[in-house]
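Worksheet for the structure shown next.
The values are calculated or read from the model by the stated rules, or taken from the named source; none is laboratory data. Worth saying up front: this structure is predicted, and the values here are computed from it rather than measured. We place every Cβ from the backbone using ideal geometry, glycine too, and count neighbours over all the protein chains shown. For accessibility, only protein heavy atoms count, side chains too; no ligands or nucleic acids. Shrake-Rupley method; radii C 1.70, N 1.55, O 1.52, S 1.80 Å.
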Amino acid sequence: MHDFRRVLYSFFLIIISLSSWAQLNPASKKSGNPIFPGWYADPEGVIFDKKYWVYPTYSAPYDQQVFFDAFSSPDLVTWTKHSRILDSTAIKWAKRAMWAPSIVEKGGQYFLFFGANDIHDDKKEVGGIGIAVADNPAGPFRDYLGKPLVGQIHNGSQPIDQYVFKDKDGQYYLIYGGWGHCNIARLKDDFTGFLPFDDGTTFREITPKGYVEGPTMFIRNGKYYFMWSEGGWTGPNYSVAYAVAQSPFGPFERVGKILQQDPAVATGAGHHSVIQVPETDDWYIVYHRRPLTETDGNHRETCIDHMYFDANGTIKPVKITVDGVEAKAIK
């Protein structure tokens, strides 16, 4: 009996030691997927002041989508929720369907671009892409313009799914669009409007083959990677594809899919963003997907996995996981 107690006591000591080691060594932890609880979609992942931030759509019926929450983490594993950083009480023209925030820091202020109202006829409806501003990435945000930045339908593109891209020369562009059309427009320095291109146009279409919605863009090794979502957002085959070009205007020739469902893990993996850890070649893809047990189109959750490149700069297909990623603090 005494031997059994000694063995049992030793076993408990080992368990306690392992637990303490895990707490003292955050690299042993993983984020898990989803990275935080709740139905959230269309996540924008960014880094501010050595913290990771995720700004998603609240995934619910359109009339309930009247606010945004944000989430921050020092290491991709432990997340803090910042509730209602912006809602429709601050944006008087936004009534419903507040979607897919994109955020940038400029001049010590944080500019949150968002879609609202799901407009289909710009002659009869008010809505489109707006901007909110705050002095802190956790808000509270207030209306910047008092009206939509883009309130009309240009080149057949519904004004939704906005992404703000900063080029190497410091110029900011708005890249956006639903209904299978993607536009790029050159933002004024103060984000109050747009600067026309040399040919006099303001909204230039850069739609690649297969494009549906959800654009994002980044630069790696001097090349412009343009990514988007394909398929229907409520279906299992929602996915992400990409193209590469020498400028933000393309031409963009589709390379192929890099994110899609895994019937053993989840379906509807799409509408993503990417995070690059500063001064490294470590890349993450932040995206939403639907659990295998869910059939409600709004039941989407935010996840993260590694994104890798081969020696030629081709993006390798992403393996969607249940475990997520290891802890990674920003130095």
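Given the structure, is HIS306 surrounded by 15 or more Cβ atoms within 10 Å (Cβ to Cβ), touching a Pro at 6+ places or on another chain (Cβ under 9 Å) and not hydroxyl-bearing (Ser, Thr, Tyr)?
Criteria not met by HIS306.
Among (1) of a type outside the set (Asp, Glu); (2) in a strand (DSSP E or B); (3) surrounded by fewer than 21 Cβ atoms within 10 Å (Cβ to Cβ), where does LYS123 come up short?
Condition not satisfied by LYS123: (2).
Filter segment 258-281 down to the residues that are within 17 Å of the chain's Cα centre (by Cα) and of a type outside the set (S, T, N, Q) and list them by number.
ILE258, LEU259, GLY268, ALA269, GLY270, HIS271, HIS272, VAL274, ILE275, VAL277 - these are the residues of segment 258-281 that are within 17 Å of the chain's Cα centre (by Cα) and of a type outside the set (S, T, N, Q).
I need a count of the residues in segment 272-306 that are under 15 Å from ILE47 (Cβ atoms), outside any loop (DSSP other than H, G, I, E, B) and of a type in the set (A, V, I, L, M, F, W, C).
Residues flagged as under 15 Å from ILE47 (Cβ atoms), outside any loop (DSSP other than H, G, I, E, B) and of a type in the set (A, V, I, L, M, F, W, C) within segment 272-306 amount to 6.
Taking the conditions exactly as written (crowded, with 22+ Cβ neighbours inside 10 Å and free of Cβ contacts under 8 Å to residues at least 40 places away in the same chain), does ALA94 satisfy them or not?
Criteria met by ALA94.
Part of a loop (DSSP other than H, G, I, E, B), surrounded by fewer than 16 Cβ atoms within 10 Å (Cβ to Cβ) and at pLDDT 95 or above - does that describe any residue in segment 71-78?
yes
Assess whether ALA269 counts as being touching a strand residue (DSSP E or B) at 6+ places or on another chain (Cβ under 8 Å), at pLDDT 95 or above and buried (at least 20 other Cβ atoms within 10 Å of the Cβ).
yes
In segment 130-143, how many are open to solvent by 50 Å² or more (accessible area, probe 1.4 Å), part of a loop (DSSP other than H, G, I, E, B) and either under 24 Å from GLU213 (Cβ atoms) or charged (D, E, K, R) (or both)?
1
Counting just the residues of segment 144-162 that are among the polar types (S, T, N, Q) and part of a loop (DSSP other than H, G, I, E, B), which one comes out least open to solvent (accessible area, probe 1.4 Å)?
Across segment 144-162, the extreme among qualifying residues is GLN162.
What are the residues in segment 177-222 that are more than 20 Å from the chain's Cα centre (by Cα) and among the acidic types (Asp, Glu), if any?
Those that are more than 20 Å from the chain's Cα centre (by Cα) and among the acidic types (Asp, Glu): ASP189, ASP190, ASP198, ASP199, GLU205.
One line per residue, one yes/no per condition, for (1) under 25 Å from VAL286 (Cβ atoms); (2) without any contact (Cβ under 8 Å) to a residue 60 or more places away in the chain:
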{"position": "THR201", "(1), (2)": "no, yes"}
{"position": "THR207", "(1), (2)": "yes, yes"}
{"position": "GLY214", "(1), (2)": "yes, no"}
{"position": "MET217", "(1), (2)": "yes, yes"}
{"position": "LYS223", "(1), (2)": "yes, no"}
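Can you list residue pairs whose Cβ atoms sit under 6 Å apart, with the first residue in segment 244-258 being without any contact (Cβ under 8 Å) to a residue 60 or more places away in the chain and the second being small (Gly, Ala, Ser) and part of a loop (DSSP other than H, G, I, E, B)? Count only pairs 6 or more apart in sequence or on different chains.
ARG254/GLY210
I need a count of the residues in segment 49-70 that are buried (at least 16 other Cβ atoms within 10 Å of the Cβ) and assigned to a helix (DSSP H, G or I).
Count: 0.
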